[in-house]
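Student: Sharing a structure with you now.
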Amino acid sequence: MKKVVIFKVGEAEIRIEGGMPQLSSMSQEGKDVMTINNAIAALNKSLGFDVSQKYPNIKETAKII
(Lines give C-alpha, C1' and ligand atoms only; values in the text may rest on other atoms or scores of the structure.)
Protein backbone atom coordinates (compact mmCIF):
# COMPACT_ATOMS: atom_id res chain seq x y z
CA MET A 1 0.00 0.00 0.00
CA LYS A 2 1.27 3.48 -0.82
CA LYS A 3 0.94 6.44 1.52
CA VAL A 4 1.78 10.07 0.77
CA VAL A 5 4.56 11.54 2.88
CA ILE A 6 5.01 15.29 3.16
CA PHE A 7 8.43 16.71 4.00
CA LYS A 8 8.94 20.35 4.92
CA VAL A 9 12.22 21.84 3.66
CA GLY A 10 12.46 25.50 4.59
CA GLU A 11 9.20 27.03 3.36
CA ALA A 12 8.62 24.34 0.73
CA GLU A 13 6.60 21.16 1.12
CA ILE A 14 7.59 18.08 -0.85
CA ARG A 15 4.99 15.34 -1.36
CA ILE A 16 6.07 11.87 -2.40
CA GLU A 17 4.68 8.37 -2.11
CA GLY A 18 6.22 5.89 0.28
CA GLY A 19 5.43 2.19 0.48
CA MET A 20 3.80 0.99 3.69
CA PRO A 21 4.51 -2.61 4.69
CA GLN A 22 1.56 -5.00 4.98
CA LEU A 23 2.99 -6.96 7.91
CA SER A 24 0.24 -7.36 10.48
CA SER A 25 2.69 -8.23 13.26
CA MET A 26 4.60 -4.95 12.91
CA SER A 27 3.71 -2.01 15.14
CA GLN A 28 2.25 1.12 13.57
CA GLU A 29 5.34 3.06 14.59
CA GLY A 30 7.54 0.57 12.72
CA LYS A 31 5.31 0.83 9.65
CA ASP A 32 5.52 4.63 9.79
CA VAL A 33 9.33 4.55 10.00
CA MET A 34 9.53 2.20 7.01
CA THR A 35 7.10 4.38 5.03
CA ILE A 36 9.20 7.49 5.70
CA ASN A 37 12.41 5.64 4.79
CA ASN A 38 10.84 4.40 1.54
CA ALA A 39 9.69 7.93 0.69
CA ILE A 40 13.18 9.32 1.35
CA ALA A 41 14.68 6.63 -0.91
CA ALA A 42 12.22 7.59 -3.67
CA LEU A 43 13.05 11.27 -3.17
CA ASN A 44 16.79 10.52 -3.36
CA LYS A 45 16.26 8.64 -6.60
CA SER A 46 14.10 11.40 -8.05
CA LEU A 47 16.47 14.23 -7.13
CA GLY A 48 19.71 12.37 -7.77
CA PHE A 49 21.33 13.11 -4.40
CA ASP A 50 21.01 12.08 -0.75
CA VAL A 51 18.58 14.55 0.81
CA SER A 52 19.45 13.30 4.31
CA GLN A 53 22.98 14.67 3.92
CA LYS A 54 21.83 18.08 2.71
CA TYR A 55 18.84 18.26 5.11
CA PRO A 56 19.77 16.16 8.18
CA ASN A 57 16.45 16.81 9.95
CA ILE A 58 14.23 15.76 7.03
CA LYS A 59 12.85 12.72 8.88
CA GLU A 60 11.70 14.97 11.73
CA THR A 61 9.61 17.05 9.31
CA ALA A 62 7.85 14.03 7.76
CA LYS A 63 4.08 13.75 7.97
CA ILE A 64 2.22 10.71 6.61
CA ILE A 65 -1.22 11.32 5.14
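The values are calculated or read from the model by the stated rules, or taken from the named source; none is laboratory data. All values derive from a computational prediction rather than experimental measurement. In this analysis, Cβ positions are derived from the backbone assuming ideal geometry, glycine residues included, and neighbour counts consider all displayed protein chains. Each accessible area value is taken on the protein alone, full model and side chains, heavy atoms only, with ligands, DNA and RNA left out. Shrake-Rupley method; radii C 1.70, N 1.55, O 1.52, S 1.80 Å.
Student: For a quick check: with amide H placed at 1.01 Å from N, whose amide H comes under 5 Å from Met20's, ignoring anything fewer than 5 positions away on the same chain?
Tutor: Long-range HN contacts for Met20: Lys2, Lys3.
Student: Residue-wise, which Karplus ³J(HN,Hα) couplings in Hz belong to the stretch 7-17, taking 6.51 cos²θ - 1.76 cosθ + 1.60, θ = phi - 60°, and x for glycine or proline?
Tutor: The phi angles translate into 10, 10, 10, x, 8, 8, 10, 10, 10, 8, 7 Hz.
Student: Pulled fully out, how much extra length does the chain show between Phe49 and Asp32, if you take 0.36 nm times their separation in residues and subtract their Cα-Cα distance?
Tutor: Stretched out fully, the Phe49 to Asp32 stretch lengthens by 3.8 nm.
Student: At q = 0.13, 0.16, 0.19, 0.27 Å⁻¹, what base-10 log of I(q)/I(0) does the Debye formula yield for the chain when every alpha carbon is treated as an equal point scatterer in vacuo?
Tutor: -0.32, -0.48, -0.67, -1.21
Student: Taking the solvent-accessible surface of protein heavy atoms with a 1.4 Å probe, what is the per residue accessible area of the chain in Å²?
Tutor: Averaged over the residues of the chain, the accessible area is 68 Å².
Student: Would you mind checking the tilt of helix 28-47 against the longest principal axis of the Cα atoms of the chain, expressed as 0 to 90 degrees and rounded to 10?
Tutor: The angle comes out at about 40 degrees.
Student: Rank by packing, highest mean first: peptides 35-45, 11-21, with packing defined as the count of other Cβ atoms within 10 Å averaged across residues.
Tutor: With the highest mean Cβ count within 10 Å placed first, the list reads 35-45, 11-21.
Student: About the Cα centre of the chain, how large is the charge dipole given +1 on each Lys and Arg Cβ and -1 on each Asp and Glu Cβ? Please answer in debye to the nearest 20.
Tutor: 140 debye
Student: With all protein chains present, how much of the accessible area of the chain (probe radius 1.4 Å) comes from carbon and sulfur, to the nearest whole percent?
Tutor: Carbon with sulfur: 52 percent of the solvent-accessible area.
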